[in-house]
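Some notes on the structure that comes next.
Nothing in this text is a laboratory measurement; each read-out follows from the coordinates by a stated rule. Here the structure is a predicted model, which is why all the values come from computation and not from measurement. Positions of Cβ are generated from backbone atoms using ideal geometry, with glycine treated the same way; all protein chains shown enter the neighbour counts.
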Amino acid sequence: MTPASRTIAASASTTYTINITRTGGFTGSVTLSVTGLPAGATGSFNPNPATAATSTLTVTTSGSTPAGTFPLTIKGVSGSLTHTASATLVVTGCDGNCQN
């Protein structure tokens, strides 16, 4: 996953690139999910499920998202196969343009 850490202000959004490494002849689609997001934040993947070598995770925060450091866990599942990756989201205080 790149980058491993992102820093944004509340009410902003950022992206991470999820790299999907296919081994052993695996060619199936991978369904992605994220846990660890702070209150007021959402995460979405494009594409999801992923069939290509990458997917983009977009994390969007709101004006009510608290400041802090949040460890994220990204999980990829395909059939009985599961893999996780870690990233960090750092949310700073509102930059003066916060909207809920």
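Within region 4-28, name every residue whose backbone N is under 18 Å away from a label modeled 7 Å from Cα of Thr58 along the Cβ vector.
6-19
Whole-Hz Karplus ³J(HN,Hα) for region 62-74, in order, using 6.51 cos²θ - 1.76 cosθ + 1.60 and θ = phi - 60°, x for Gly and Pro?
10, x, 8, 5, x, 6, x, 10, 10, x, 10, 10, 9
Using every alpha carbon pair in region 5-92, what percent of pairs falls into each 10 Å bin from 0 up to the bin containing the largest distance?
P(r) for region 5-92, in whole percents per bin: 17, 48, 25, 9, 1.
Starting from the 7 Å offset along Cα-to-Cβ, what nm value, one decimal, do you get for the label separation of Ala85 and Thr15?
It works out to 1.4 nm between the two label points.
Quick one: work out the % antiparallel among DSSP beta bridges in the chain, nearest 5. Don't skip to the end; give the middle numbers.
Working: 30 of 35 bridges.
Antiparallel bridges: around 85 percent, rounded to the nearest 5.
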